[in-house]
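Novice: Pasting in a structure now, in structure tokens, and then I'll have a few things to ask.
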Amino acid sequence: LTPGVNGMRVFNVCATDDGANAEVPDPLVACANLTIRVVPVNNPPTFILGLPIVPATEDDPPQVVGGFLTNISKGSLLGDEDSQTLTWTFVRNESGNVNLLTTAEPTL
């Protein structure tokens, strides 16, 4: 299977012996179907942080910072996780920067 893909595949598996019966060649074959089912998983979301530092002073009004986060994916290349909601959490660091929790695509 291709990475990131789920589903079921059936393989035909056969074993052949080099059998001889009373020194007369008598090879035998036994076959069976092998079914492998790969179940879907919840892949982690991914994104690219475009700007690790957003400059602002304490009295600045709200701003829109373009390119802050890009290539946002809910987790799957197949789109089977598109119904999931991403929650963005911004936690203040030791210097007292942003503290924000949102389910919307973040705008700073």
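The values are calculated or read from the model by the stated rules, or taken from the named source; none is laboratory data. Predicted model, so just to flag it, every value in this text is computed and none were measured. FYI the Cβ positions are ideal-geometry reconstructions off the backbone, even for glycines, and counts take in every protein chain you see. Protein only, heavy atoms only, side chains kept; ligands, DNA and RNA dropped before computing areas. Shrake-Rupley method; radii C 1.70, N 1.55, O 1.52, S 1.80 Å.
Novice: Yes or no: residue 16 open to solvent by 60 Å² or more (accessible area, probe 1.4 Å), at pLDDT below 75 and polar (S, T, N, Q)?
Specialist: Details: open to solvent by 60 Å² or more (accessible area, probe 1.4 Å): yes; at pLDDT below 75: no; polar (S, T, N, Q): yes.
No, not satisfied.
Novice: Same structure, new question: Out of region 29-51, which residues are β-branched (Val, Ile, Thr), open to solvent by 80 Å² or more (accessible area, probe 1.4 Å) and in a strand (DSSP E or B)?
Specialist: Result: 29, 48.
Novice: While we're on this one: Taking region 67-88 on its own, how many of its residues are among the aliphatic types (A, V, I, L, M) and open to solvent by 90 Å² or more (accessible area, probe 1.4 Å)? Don't jump to the end; show me each part of the working.
Specialist: Here is the first cut: in region 67-88, the ones among the aliphatic types (A, V, I, L, M) are 69, 72, 77-78, 86.
If we keep only those that are open to solvent by 90 Å² or more (accessible area, probe 1.4 Å) as well, we get 77-78.
Qualifying residue count, region 67-88: 2.
Novice: Could you list all residues from region 65-83 that are touching a residue at least 40 places away in the same chain (Cβ under 8 Å) and under 18 Å from residue 5 (Cβ atoms)? Spell out the reasoning first.
Specialist: Within region 65-83, the subset touching a residue at least 40 places away in the same chain (Cβ under 8 Å) is 65, 68, 76-78, 80.
Within region 65-83, 76, 77, 78, 80 meet the criteria.
Novice: Would you check which residues across region 14-28 are in a strand (DSSP E or B) and either free of Cβ contacts under 8 Å to residues at least 12 places away in the same chain or of a type in the set (Lys, Arg) (or both) and list them? Write out each step before concluding.
Specialist: Initially, region 14-28 is screened for residues in a strand (DSSP E or B), giving 14-16, 20-21, 24-25.
Matches in region 14-28: 20, 21, 24, 25.
Novice: Can I ask one more? Check 64, 54, 5 and return the single one that is open to solvent by 90 Å² or more (accessible area, probe 1.4 Å) and either modelled with pLDDT under 85 or in a loop (DSSP other than H, G, I, E, B) (or both). Give the derivation first.
Specialist: Working: 54 fails: open to solvent by 90 Å² or more (accessible area, probe 1.4 Å); 5 fails: open to solvent by 90 Å² or more (accessible area, probe 1.4 Å).
Being open to solvent by 90 Å² or more (accessible area, probe 1.4 Å) and either modelled with pLDDT under 85 or in a loop (DSSP other than H, G, I, E, B) (or both) holds for just one of 64, 54, 5, which is 64.
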